[in-house]
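Report on the following structure.
The values are calculated or read from the model by the stated rules, or taken from the named source; none is laboratory data. Given the structure is predicted, the values throughout are model-derived calculations rather than measurements. Here the Cβ positions follow ideal geometry from the backbone for every residue, glycine too, while neighbour counts run over all protein chains shown. Remember, those area values only see protein heavy atoms, side chains included, never the ligands or the DNA or RNA. Shrake-Rupley method; radii C 1.70, N 1.55, O 1.52, S 1.80 Å.
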Amino acid sequence: MKQLKQLKLFTLLTVLCLGTMVQAQRVGVVLSGGGATAGAHVGFLRALEEAEIPIDYICGTSMGAVIGGFYASGYSVDQIDSILSSKAFIEMTEGELDDDYTYYFKKFDADASMGTIKFAKGKFITSSIPTNLNNPVQLDFQLMEYYAQAAGAANYDFDKLYIPFRCNASDIEAKEEVIFRNGSLATAIRASMTYPFFVEPIRVNGRLLFDGGLYNNFPSNICYNDFLPDVILGCNVSENADPPQEDDFLSQLTNMVTYKTNFEQLCDEMIIIEPEVQVGTFDFEDLHIAIEKGYEASIEKIEEIKSIIPRRVTAEERNAGRAAFHAGKQPLIFDEITITGLDKTQKSYVKRMISKKDGEVSLDRLKTTYFRAFADDKVRSIFPTAVYNGQKNKYLLNLDVKKEKDVFLSVGGLFSSRPINTGFIGLKYNLFGRTSSTLEAKSYFGKFYGSLLLSARIDFAERLPFSIEPNMVFNRWDYFTSFATFFEDVQPSFIVINERFGGLRFRFPVRSQGKLELSTDFAVINDDYYQTPSFLATDTADRTRITAGIADLKYERNTLNRKQFAKKGTFLSIQAKYLRGDEITIPGSTFTSIDTLNAQREWLVGKLKYINYFQKMGRLRIGMMGEAVASTQPFMRNHVSTLIAAPAFQPIPESQTFFIKEYRAHNYVAGGLMLVGDIGKNIDIRAEAYAFRPLGRLEQRDDGLTNYNWDEEVYFIASSSIIYHSPIGPLSFAVNYYDQKENQWSAVLNFGYLLFNRSVRNI
């Protein structure tokens, strides 16, 4: 009996000891960096939760810090998966801004710039070299939105988050890693994911910080040293760089700026999952592939994990813990906004852009005005930090604003296999104070097109924002009679158009994506031309001179993703233009009459244009375009001058370089379809077809004047092209068809943009 009692006592003590050991067993999770491949961590966490494996601590670096930070903030695995798959997150990682938060009013007219160098007063040119490819404005705001409430609920102590958390960053000046244990969670994660040359670095407590993966891409040592877990479970999708090679600059640079990470086991109970993920580092659209691979690799080792971790946490227990943590979060409502990094007048301008009056600002309301402030070209970056005030249950929002450099020098143009090569140089000077002002000069130079634009734009951040822009423009278009390439001679010009005009433009925003523009100009237009392309060298050209006052009212809404060869977004333009002035036409030797004409001209013209690229279907996107023009435009002195003054339908870039009389009319309707397919990253193929229906075809009479022909003919333009969107501009090869051109087919290789300065004649 005594022996039986001793056996029972021994058994009880053993059970109690084992229970204590199980209860005391703590599990740390470590997530590596790896960009889009780190999506595997979501699958890893999902597998652990399904197996009811406890997660007591979590550490991550770079993208592992993003996912670990979500989990530590109380987001469920399903919520993390949903966030990473969202359009907003993909745009955030690609440096794009959601269409809802673009501010079209602040955008300048598109030009042929292919690269810009920015200069600051008293700084060397090295300070003007860009340090990052992606614009981090949406990234910074989204990170604040994702993590601010959790940081406030934890009183900025990372040990008091739903799951205690650590992440790291790299101080490249001190050549050491920085471990974040407290403070702003969004700031810590932003520093940890600052991949060099991809995202701009940030300064935290006076230290310029980069991606934590540079010095430690698998922070298992941080987890072990800070938390002393009994078991470490890791998901690693990274590896140390290969040794540098004599002929490989990138391998040399990588080894210079990174340290080797220790992927070895730090304790006896440590299991590392290493999924094989065939996803590019920056291919965040393929995150779902990485998530699935992470889950599959984790399931293969889940029994091994269970064998060393007997403790279990049920879904109900996790949900209860998350609910308790979420209960301590407060809505993101800001009752105070502070601005750093600017002088007093500049702060006033930005403050008026973001909030017209003092008082509470909700997150949704802040989003719109925040991105409008960033859209100003005098603002280089805004870094938001939300600080919770427990006494008010509100947040203070601090915006660290960096002013853009003072001088922009832009270069670009078009390099073509046809004789339409054009160079471009642009110069901007910024003046930033109580108003946002820009002095600008844009110059194009080439045989086909030459131009100079001088302007001064002043933006006012009033209750109803508006801008005033005095400007002066000189334009010249020189149309050749030949269809020439680099290897053919170009015949003399048969039409040369010169414009000189100046005036004022007033702009007003219409919500975020639209603007209303009113312009008044005084213009002098000189057209030199022959009545036939078969003129002789001894012939003299006709000249028409129009001196006019012009008023132009235009509403425009634009969300297209590119200034040329767009493939998503919409464009809507509604425009009305009134011209009143005098025409003087002096006939040349190719016109039947020798009489000079002096006549007063007056007309009104309206135009509607709409473009819409619909939702992507696999690798294909379909677009549509509609255009209509109605006018009271009169006939000019002769048929050619009438055609020159008439609106033209020019739906593809190359069509702007031809003078084809059949696609010009005072009144017309037109439309077309565009098919755009992705065949690789930044490579598109396009197929476009357009129909043009003049409502009263401009037809030449026997005496050289013009009549309307009211037949119902429809004319067509088609194009097929392949475009590589390089970092500086598009490289395109196109085969085009014009059914009304003498040479109906053309093939053209272009690099750059075929864009022009503003014209008073175009509508």
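Would you mind stating whether GLY423 is under 22 Å from the mean Cα position of the chain (by Cα), open to solvent by less than 40 Å² (accessible area, probe 1.4 Å), at pLDDT 95 or above and more than 23 Å from GLN513 (Cβ to Cβ)? Working first, answer last.
On the way: under 22 Å from the mean Cα position of the chain (by Cα): no; open to solvent by less than 40 Å² (accessible area, probe 1.4 Å): yes; at pLDDT 95 or above: yes; more than 23 Å from GLN513 (Cβ to Cβ): yes.
No, not satisfied.
Can you name the number of the only condition in (1) of a type in the set (Gly, Ala, Ser); (2) loosely packed, with under 15 Cβ neighbours inside 10 Å; (3) touching a Ser or Thr at 6+ places or on another chain (Cβ under 6 Å) that SER410 fails?
(2)
What number of residues within the stretch 366-417 satisfy the criterion of being assigned to a helix (DSSP H, G or I) and either free of Cβ contacts under 8 Å to residues at least 24 places away in the same chain or closer than 28 Å to LYS428 by Cα (or both)? Show your work before the answer.
Step one: list which residues in the stretch 366-417 are assigned to a helix (DSSP H, G or I), which gives 366-375.
Next, from what is left, pick out any that are either free of Cβ contacts under 8 Å to residues at least 24 places away in the same chain or closer than 28 Å to LYS428 by Cα (or both): 368-375.
The qualifying residues number 8.
Inside the stretch 334-377, can you point out the residues that are open to solvent by 70 Å² or more (accessible area, probe 1.4 Å) and over 26 Å from THR438 (Cβ atoms)?
Result: GLU336, LYS357, ASP358, GLU360, ASP364, ARG365.
Just need a number here: residues in the stretch 157-179 that are of a type in the set (Lys, Arg) and either within 23 Å of VAL29 (Cβ to Cβ) or buried (at least 19 other Cβ atoms within 10 Å of the Cβ) (or both). Working first, answer last.
As a first pass, look at the stretch 157-179 and keep what is of a type in the set (Lys, Arg): 160, 166, 175.
From the residues that got through so far, the ones that are either within 23 Å of VAL29 (Cβ to Cβ) or buried (at least 19 other Cβ atoms within 10 Å of the Cβ) (or both) too are 160, 166.
The qualifying residues number 2.
Say we look at the stretch 485-542 and pick out the residues that are open to solvent by less than 30 Å² (accessible area, probe 1.4 Å), modelled with pLDDT under 95 and under 32 Å from the mean Cα position of the chain (by Cα); which of these is nearest to LEU452 (Cα to Cα)?
Per the criteria, the residue is GLN513.
Tell me, yes or no, whether the stretch 654-674 has at least one residue that is under 27 Å from the mean Cα position of the chain (by Cα), at pLDDT 95 or above and among the charged types (D, E, K, R). Walk me through it before giving the result.
If we filter the stretch 654-674 for residues that are under 27 Å from the mean Cα position of the chain (by Cα), which is where we start, we get 654, 656, 672-674.
Next, only the ones that are at pLDDT 95 or above stay: 654, 656, 672-674.
Next, from what is left, pick out any that are among the charged types (D, E, K, R): 654.
Within the stretch 654-674, one or more residues are under 27 Å from the mean Cα position of the chain (by Cα), at pLDDT 95 or above and among the charged types (D, E, K, R).
Could you check the stretch 673-727 and list, in sequence order, the residues that are hydroxyl-bearing (Ser, Thr, Tyr) and more than 19 Å from GLN744 (Cβ to Cβ)?
THR706, TYR708, TYR724, SER726
What is the residue count in the stretch 180-234 for residues that are at positive phi and open to solvent by 30 Å² or more (accessible area, probe 1.4 Å)?
Taking the stretch 180-234 first, the residues at positive phi are 183, 197, 205-206, 228.
From the residues that got through so far, the ones that are open to solvent by 30 Å² or more (accessible area, probe 1.4 Å) too are 197, 205-206, 228.
Result for the stretch 180-234: 4.
What are the residues in the stretch 529-545 that are more than 11 Å from VAL640 (Cβ to Cβ) and not in a loop (DSSP other than H, G, I, E, B), if any? Can you show your working first?
Start the filter on the stretch 529-545 by keeping residues that are more than 11 Å from VAL640 (Cβ to Cβ), which leaves 534-540, 543, 545.
Selection gives ARG543, ARG545.
If ASP703 passes every condition in (1) in contact with a Ser or Thr (Cβ under 9 Å, 6 or more places away or on another chain); (2) over 23 Å from GLN531 (Cα atoms); (3) open to solvent by 40 Å² or more (accessible area, probe 1.4 Å) but one, which one does it miss?
Unmet condition: (2).
Mind checking which residues of the stretch 666-697 are out of contact with any helix residue (DSSP H, G or I) (no Cβ under 6 Å at 6 or more places or on another chain) and over 30 Å from SER726 (Cα atoms)? Reasoning before the result, please.
Start the filter on the stretch 666-697 by keeping residues that are out of contact with any helix residue (DSSP H, G or I) (no Cβ under 6 Å at 6 or more places or on another chain), which leaves 666-691, 693-697.
HIS666, ASN667, TYR668, VAL669, ALA670, ALA691, ARG693, PRO694, LEU695, GLY696, ARG697, listed by residue number.
Could you please tell me which pairs satisfy a Cβ distance under 6 Å, a separation of 6+ or placement on different chains, a first residue in the stretch 68-97 that is within 25 Å of GLU200 (Cα to Cα), and a second residue that is of a type in the set (Asp, Glu) and open to solvent by 20 Å² or more (accessible area, probe 1.4 Å)?
If the second residue must be of a type in the set (Asp, Glu) and open to solvent by 20 Å² or more (accessible area, probe 1.4 Å), the pairs left are ILE90/GLU285; GLU91/ASP98.
How many residues does the stretch 546-564 hold that are in a loop (DSSP other than H, G, I, E, B) and touching a helix residue (DSSP H, G or I) at 6+ places or on another chain (Cβ under 8 Å)? I'd like the intermediate steps shown before the answer.
Initially, the stretch 546-564 is screened for residues in a loop (DSSP other than H, G, I, E, B), giving 559-564.
Now restrict to residues that are touching a helix residue (DSSP H, G or I) at 6+ places or on another chain (Cβ under 8 Å): 559, 564.
The number of residues fulfilling the criteria is 2.
Looking only at strands (runs of 3 or more DSSP E) that fall completely inside the stretch 712-761, which ones have 2 or more residues that are open to solvent by 70 Å² or more (accessible area, probe 1.4 Å), without any contact (Cβ under 8 Å) to a residue 60 or more places away in the chain and under 19 Å from GLY677 (Cα atoms)? So that I can check it myself, show each step before the final result.
Details: elements: 715-725, 730-738, 745-752.
Of the strands (runs of 3 or more DSSP E) lying wholly inside the stretch 712-761, those with at least 2 residues that are open to solvent by 70 Å² or more (accessible area, probe 1.4 Å), without any contact (Cβ under 8 Å) to a residue 60 or more places away in the chain and under 19 Å from GLY677 (Cα atoms) span 715-725, 730-738.
I need a count of the residues in the stretch 705-744 that are over 22 Å from PRO694 (Cα atoms) and not polar (S, T, N, Q).
Our first condition is that a residue be over 22 Å from PRO694 (Cα atoms); within the stretch 705-744, this holds for 720-735.
Restricting the remaining residues to those that are not polar (S, T, N, Q) gives 722-725, 727-731, 733-735.
Matching residues across the stretch 705-744 total 12.
Please tell me if ALA188 is assigned to a helix (DSSP H, G or I), at pLDDT 95 or above, among the aliphatic types (A, V, I, L, M) and touching a helix residue (DSSP H, G or I) at 6+ places or on another chain (Cβ under 7 Å). Give the derivation first.
Values: assigned to a helix (DSSP H, G or I): yes; at pLDDT 95 or above: yes; among the aliphatic types (A, V, I, L, M): yes; touching a helix residue (DSSP H, G or I) at 6+ places or on another chain (Cβ under 7 Å): no.
No.
For ALA566, indicate whether it is open to solvent by less than 50 Å² (accessible area, probe 1.4 Å) and touching a Leu at 6+ places or on another chain (Cβ under 6 Å). Give the steps one after another, and end with the answer.
Numbers: open to solvent by less than 50 Å² (accessible area, probe 1.4 Å): yes; touching a Leu at 6+ places or on another chain (Cβ under 6 Å): yes.
Considered against the rule, which asks whether it is open to solvent by less than 50 Å² (accessible area, probe 1.4 Å) and touching a Leu at 6+ places or on another chain (Cβ under 6 Å), ALA566 comes out as yes.
What are the pairs with Cβ atoms under 9 angstrom where one residue, in the stretch 564-577, is on the phi > 0 side of the Ramachandran plot and the other, located anywhere, is in a strand (DSSP E or B) and hydrophobic (A, V, I, L, M, F, W, C)? Sequence gap at least six, or different chains.
Listed pairs, sorted by first residue: PHE565/VAL676; PHE565/ILE723; GLY569/ILE611.
Conditions tested, residue by residue: (1) under 28 Å from the mean Cα position of the chain (by Cα); (2) modelled with pLDDT under 95; (3) farther than 30 Å from GLU469 by Cβ; (4) of a type outside the set (A, V, I, L, M).
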site: SER73; (1), (2), (3), (4): no, no, yes, yes
site: VAL77; (1), (2), (3), (4): no, no, yes, no
site: GLU91; (1), (2), (3), (4): yes, yes, yes, yes
site: ALA120; (1), (2), (3), (4): yes, yes, no, no
site: ALA148; (1), (2), (3), (4): yes, no, yes, no
site: PHE165; (1), (2), (3), (4): no, no, yes, yes
site: ALA174; (1), (2), (3), (4): no, yes, yes, no
